[in-house]
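Reviewing the structure listed below.
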Amino acid sequence: MEEEASRFDDPAFSPMVSLEMNIAMFKSQWQFCDEIAEYISDILGQGHSDPARYSNFLSVAANELIEFAFRATDKRGRISFSLYRSATFNRLRIMFPYEEEVAHKHTKPRSSGKTQPLDSGSGHLVARSDRTALLNSLTTIFGAAIRIEKDDVDGIEIVADFPSAEDFQ
């Protein structure tokens, strides 16, 4: 079931809302992360028996993913946040450009000689183990299928599928 939910091209998902903004504007204020997460989670809470509870839980997860994108972006291009809904899952999709040469300015070679791709925005490398720990925690707590991929046009895509059920622990 997790594999089915994580396929982006699944026709069972209907678009709900999309927000796109200039990355320089997005990165100009950290509080945009909270505001976008609250907006997204309020929309996702609609139609649930306890919308405030569902929205509050998803706000935490959405905020973590949006902050992750905030730290991983450069100040060029556009970032988009999109919501989709199926009968059993709600999907959050975050897309933004990713330039290898920008990332290489902020990365250090690992012992294997390969570089880590994402920077924290503060000049400190976001370690792969930190990204994995965050994703594992969100997956465990929310029962979500979350993946981060580099797309075909030099961009990063974060896709998180959250179950529509209200049984968060």
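The values are calculated or read from the model by the stated rules, or taken from the named source; none is laboratory data. Not measured: the values here are computed from a predicted model. With ideal geometry, Cβ positions are generated from the backbone for all residues, glycine too; neighbour counts draw on all protein chains shown. All accessible areas refer to the heavy atoms of the entire protein, side chains included, with ligands and DNA or RNA removed. Shrake-Rupley method; radii C 1.70, N 1.55, O 1.52, S 1.80 Å.
Could you list, in sequence order, all residues of the stretch 118-169 that are modelled with pLDDT under 65, surrounded by 13 or more Cβ atoms within 10 Å (Cβ to Cβ) and either β-branched (Val, Ile, Thr) or outside any strand (DSSP E or B) (or both)?
Leu118, Ser120, Gly121, Val126, Ala127, Asp130, Arg131, Glu166, Phe168 - these are the residues of the stretch 118-169 that are modelled with pLDDT under 65, surrounded by 13 or more Cβ atoms within 10 Å (Cβ to Cβ) and either β-branched (Val, Ile, Thr) or outside any strand (DSSP E or B) (or both).
Considering only residues that are in contact (Cβ under 8 Å) with a residue 12 or more places away in the chain and open to solvent by 40 Å² or more (accessible area, probe 1.4 Å), which ones fall in the stretch 33-46?
The answer is Asp34, Glu38, Tyr39, Asp42.
Quick one: in the stretch 47-89, which of the residues that are among the β-branched types (Val, Ile, Thr) and buried (at least 18 other Cβ atoms within 10 Å of the Cβ) is farthest from Gly155 (Cα to Cα)?
Ile66
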